[in-house]
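Values in this text are rule-based calculations from the coordinates and carry no lab data. Source: prediction; values computed, not measured. A quick note on method: Cβ atoms are made from the backbone with ideal geometry, for glycine too, and the neighbour counts reach across all protein chains shown.
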Amino acid sequence: MTANDTLTAVPGIKVGHYTDLDAITGCTVVRCPPETAGAVDVRGGAPGTRETDLLQAHNLVEEVTAVVLSGGSAFGLASADGAVRWHVERGLGYQSRSGVVVPIVPAAILFDLTIGTAQVHPGPEAGYAACEAATSAPVAMGSVGAGAGARVAAIRGNARASKGGIGSAAIALPNGLVVAALMAVNAVGNVIDENGQVIAGLRATDEPGFVSVLDTMVDLMNEPSTVSANENTVIGVVASNGALNKAQATKVAQMAQDGVARAVNPAHTMYDGDTIFALATGEVAADPTIVGAYSAEMVALAIRRAVRTATSLGGVRAASEP
């Protein structure tokens, strides 16, 4: 591991958070060095995204200027406008043939409107502030930025859910390749450790510990309920300093989703919006298979770190609290 084992261990990558603890929401911006290749894989059935079509391997633009992860559900996509403005003011972005600089800022959102204040969500000012705050220092984790209002396994409401958050992890390989992940964890399913034990999720009613989300979904099929399961997602970014094109970065994003399946049960449901962006800064020769395999490892580790560093907010208890 590097001394900084978070996303900013990738040279040139900077991360900034905007956190509103009163409304319990926020956003996170990942700023990229020039000519960073970008791609995306959308695996959940209920995504909220911006500029993902542009990142398809068969489309024109290869590079990404920044990525925004935000709370606020669909309203939070507006935070990307602030990130665009921040980069425009500095002349940073895709150089069009006409000479106009156009920042390419894809975004994904998570649903946090049933914790804190539903009428307040990240907008352009939040995205701009997150860009201003972006740094190459180790990424702050827990209930900050896009993870401020995140919850895990809220299928039976906030009282039985666990607090989600944002987590990050990185690994440095012997050839100078660095692979890293940043994940905002707001999953429908329970978060599990390497041995399959639940470390954050749906709390039992009559004893300490957690119960199966999948079994609860089956129970809900046979009973009326006002609790919604379609307000969750896991969104994030994987990055490396590898020299990859957009098609190769697409494969990395696809492989990185395996990390979600390793750390969340169930994963990639119709009620999730699971989305992972892949970034490659192009400094080191790299095999996309190696980058993708380690990306999945870092995604799983980042998800687990997110819930382990989360703090109780808005009536949703951290997993470490009884």
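Some observations on this one:
- Note on E207 and S320: the extension gain reaches 39.2 nm, defined as 0.36 nm multiplied by sequence separation minus the Cα-Cα distance.
- The distance between label points at T135 and S96 comes to 3.6 nm (points 7 Å beyond Cα on the Cα→Cβ vector).
- Rounded tilt (10° steps) of 246-263 against the dominant C-alpha axis of the chain: 20
- Nearest-0.05 FRET efficiency for N245 and L214, computed from C-beta distance (R0 35 Å): 0.35
- Each residue of region 165-170 was assigned a 3J(HN,Hα) from its phi angle through the Karplus expression (A = 6.51, B = -1.76, C = 1.60, θ = phi - 60°), giving x, 10, x, 8, 7, 8 Hz with x at Gly and Pro.
- For the pair region 131-207 and region 244-311, the centres of their Cα atoms are 13 angstrom apart.
- Pairwise inverse Cα distances across region 36-140, averaged and inverted, put the Kirkwood hydrodynamic radius at 14.7 Å.
- Sites counted here are trypsin sites (Lys or Arg not before Pro) in a DSSP loop (not H, G, I, E or B) having no more than 13 other Cβ atoms within 10 Å; the longest part of the chain that contains none of them is 98-322.
- Note on the chain: helix-only mean residue ellipticity at 222 nm, from DSSP H runs of 4+ residues weighted -39500 (n - 2.57) and normalised by residue number, equals -7000 deg cm²/dmol.
- Normalising the average separation of contacting C-alpha pairs (under 8 angstrom, six or more residues apart) by the number of residues puts the relative contact order of the chain at 25 percent.
- Remark on region 81-143: ratio of C-alpha radius of gyration to 2.2 N^0.38 Å is 1.39.
- Loop-located GluC sites (Glu not before Pro) in region 59-115 (DSSP state other than H, G, I, E, B) with a sparse environment of at most 13 neighbouring Cβ atoms within 10 Å: E89.
- P(r), alpha carbons of the chain - 10 Å bins starting at zero, rounded %: 7, 31, 36, 19, 6, 1, 0
- Cut-off under 5 Å, modelled amide H: who pairs with S312 long-range: A318
- Considering only region 228-322, percent of DSSP beta bridges that pair antiparallel, nearest 5: 10
- Taking the Cα centre of the chain as reference, the dipole from Cβ charges on Lys and Arg (+1) and Asp and Glu (-1) amounts to some 260 debye.
- Over all projection directions, the Cα-based convex hull of region 203-322 averages an area of 9.1 nm².
- Using alpha-carbon coordinates, inclination of helix 79-88 to the longest axis of the chain, degrees: 20
- Remark: the A293-E35 segment gains 90.5 nm on full extension, using 0.36 nm per residue and subtracting the alpha carbon distance.
- Rounded to the nearest 10 degrees, the angle from helix 124-133 to the longest Cα principal axis of the chain is 70 degrees.
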